[in-house]
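Remarks on the structure that follows.
All of the numbers you see were taken from the coordinates with simple rules; none came from a lab. Source: prediction; values computed, not measured. Here the Cβ positions follow ideal geometry from the backbone for every residue, glycine too, while neighbour counts run over all protein chains shown.
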Amino acid sequence: MMRVASAVSWLAADRAVLFEEQRAAGELAHAAADACGVPLAVVIGRRRSKSVGVARAAVASALRGHGWTLVRIGRFLGGRDHSSIAYLLQAHAWRQAGASAPFKVWKGERHATKF
């Protein structure tokens, strides 16, 4: 019986830590979205306009800096795939560096440029 009580108290403590981490990340995401002038509900949604994409990249970058995995960020941002989040973060890094995108379009084909 003592083992069960110990396990239950450990799970309760673990759940409290996870809840606090989720709350802090939610506040971080709200702040990043607000800084871009886009509500978080729109960032999580399906819109693909440039302003929403930039805000989504800022939120993803903030969450990644907070230690979240690509899969977890994708789930938070409306169920996106981890590879989409990886591309989003790469494009965000390119924009921060002053480039327009990590790929060039030339004659209808995508050619990777060196990072």
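Quick look at the numbers
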read-out: Residue 41 versus residue 99: modelled label distance in nm, points set 7 Å from Cα along the beta carbon direction; value: 3.7 nm
read-out: Förster radius 30 Å - calculated FRET efficiency between residue 30 and residue 84, Cβ distance, rounded to 0.05; value: 0.90
